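First comes the structure, then the notes that go with it.
Readers should treat all values here as calculations from the given coordinates under stated rules, not as data from a laboratory. Note that this is a predicted model, so its numbers are computed, not measured. Heads up, the Cβs are rebuilt from the backbone with ideal geometry, glycines too, and the neighbour counts pull from every protein chain shown.
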Amino acid sequence: MSNSQKLFNNAKKVIPSGVNSPVRYFEPYPFFTKKSDGAYIWDEDKNKYIDFCNGYGALLLGHRRKEILNAVSKQLTQGTLFCTPTESEIELSKLIISNFPSIDKVRLVNTGGEATMTAIRLARGFTKKKKIIKFEGCYHGAHDSVLVKAGSGSAHNGISISEGGLNEVSKNTLVVPYNNSEELEKTLTKNKDVAGVIIEPILANMGLILPEKNFLSEVRKITKDNDIPLIFDEVVTGFRVSPGGAQQHFGIKPDITTLAKALGHGFVIAAIGGKKEIMDLLSPGGKVYQASTYAGNPISVSAAIASIKTINKIKNKLYSKLEAYNALLTHAIGDMATDMNIPHQINFTSSMFQIFFTNKPVIDYTSSKNADAKKFQKMFSVLLKNGVFIAPSQFEVVFLSDAHTQTDLNYTMNAYRTALKSVKN
Ligand SMILES: *Cc1c(COP(=O)(O)O)cnc(C)c1O
């Protein structure tokens, strides 16, 4: 029995299903991790994997990036939690604001889910309305008002509304298909009580689904015409797609933005930012309540400052390199699948991609669900056996990092060749 298998058996006795977040589980058991560095992760059986999960996109610069570790080490000598304001929180807020021109003010929290929860409450407080519109398959964290037709782990498990979640809450969340601005318009015509629209500007929780041309600008126009705040959930895309996220990439200004994953690069931190008149509604000055003991803790703040500074410093090389590597990898994988006559689609942008085993374009929840997820799972396990770790679900995304090298790419292409052969009929 492998060490991971033994550990999993032990974990199941003390941790529900043996994991602390659902998508970490896969058949027959997940590997247990010992350590990581750069582009690699090692399990408890001394197997080394090239990591393309990268903390679900958090590790844009790779594992144990020295600039970030140095900043955190320095902060450790000064203290870990004060629960009083610090100068570094001002520095971080200024950095976020200068990278995201749509943001006038920022509040720091701990997780992406906490950020979207607060963003939604702010939209309700601002408009004095009740309902929220989300898009089918978008994932915004594990709280009641957004766990409705959500992607990521919840799509994988086929749960649309969690048991224990209140229908009184979820009935106030209206769901519209992604890439369908007509439905958004119709929904708004029918419902006068809408407080806000929340969207992943690039859908990275149903596999990877790109916004069609004009979709986001139509969403922006419709929300503006209806006087409804538009929330861009940039928990994945913030810093990953560009230093100013998807909003910079597409040239669209939302009213509220949420950031997490790559903001902290492995340290726990998230942010909500937006227009001054909305953000100033937060307590204690305003009447929208939000609070957290660990919010803006100096360790996470030092990591986030170092992340943004590093990204800004190397941005001219970073994004073009990631795009070039992603193009190489996805074209190679696509060519292999075509040569093997495997029906497939590959969606890719910047440093993210996903393959779907279907001959129909994947543009929304339904088309993603219709791809052959069994084949994906088979491919995943063969990749893993061959030293390549991608997120263990069709409904997640393959993330490149700055730590990947050309040699890693070549190795990965060969692993995909073997994995694709295994799903060929
Ligand atoms: C991961 C994710 C979240 C939730 O973030 P957590 O830190 O896991 O709570 C929210 N929105 C999107 C788009 C995400 O990918």
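Worth pointing out:
- Here r is the Cβ-Cβ distance between residue 169 and residue 42 and R0 is 51 Å; the resulting FRET efficiency, rounded to 0.05, is 0.75.
- The simple Förster model, with R0 at 45 Å and r as the Cβ-Cβ distance, assigns residue 64 and residue 335 a FRET efficiency of 0.85.
- Its residue count N sets the reference 2.2 N^0.38 Å, and the alpha-carbon radius of gyration of the stretch 198-243 equals 1.20 times that reference.
- Anchor residue 186: lysines whose Cα lies under 17 Å away (excluding residues fewer than 8 positions away in-chain): 131, 134, 221, 224
- Footprinting exposure proxy for 206, 117, 413 (fewest neighbouring C-beta atoms within 10 Å first): 413, 117, 206
- Point-to-point label distance, residue 193-residue 97, nm (Cα→Cβ direction, 7 Å offset): 3.7
- The stretch 1-48: trypsin sites (Lys or Arg not before Pro) in DSSP coil with no more than 13 other Cβ atoms inside 10 Å: 46
- Here the translational diffusion coefficient of the stretch 225-374 follows from Stokes-Einstein with Rh set to the Kirkwood radius across Cα pairs; for 10 °C and 1.306 mPa s it amounts to 87 µm²/s.
- Area projected by the alpha carbon convex hull of the chain, averaged over all directions, nm²: 20.3
- Charging the Cβ of each Asp and Glu at -1 and of each Lys and Arg at +1, and nothing else, the dipole of the chain about its Cα centre rounds to 340 debye.
- Interchain or long-range residues, amide H under 5 Å from residue 395's placed H: 207
- Farthest toward positive dipole pole in the stretch 54-108 [+1 Lys/Arg, -1 Asp/Glu at C-beta], among 85, 100, 63: 63
- Electrostatic dipole magnitude of the stretch 66-310 [Cβ: Lys, Arg +1; Asp, Glu -1; Cα centre; debye, to 20]: 300
- Eigen-decomposition of the gyration tensor built on the alpha-carbon atoms of the stretch 228-295 gives equivalent ellipsoid semi-axes of 22, 18, 7 angstrom, largest listed first.
- For the stretch 1-110, diffusion coefficient by Stokes-Einstein and Kirkwood Rh (Cα), 37 °C, 0.692 mPa s, µm²/s: 189
- Each part gets one Cα centre, and for the stretch 274-342 versus the stretch 204-250 those centres are 13 Å apart.
- Positive-end extreme of charge dipole, the chain - chosen from 368, 351, 50 (charges on Cβ): 50
- Length released on extending from residue 377 to residue 291, taking residue separation times 0.36 nm less the Cα-Cα span: 27.0 nm
- Note on residue 81 and residue 15: their simple-model spin labels are 2.0 nm apart, each label 7 Å out from Cα toward Cβ.
- Long-range Cα-Cα pairs in the stretch 66-310 (distance over 32 Å), rounded percent: 18
- The residue list 249, 31, 226 was ranked by how far each Cα lies along the charge dipole of the chain toward its positive end, using unit charges on Cβ atoms, and 31 comes out on top.
- Expected 222 nm ellipticity per residue - DSSP helices of 4 or more, -39500 (n - 2.57), all of the chain, to 500: -12500 deg cm²/dmol
- Of the DSSP H helices in the chain, those whose Cα atoms cover at least 27 Å axially and whose Kyte score averages 0.0 or more: 298-339
- Among 266, 334, 57, the residue with the largest mean-square fluctuation in a Gaussian network model of the chain, with springs joining Cα atoms closer than 10 Å, is 334.
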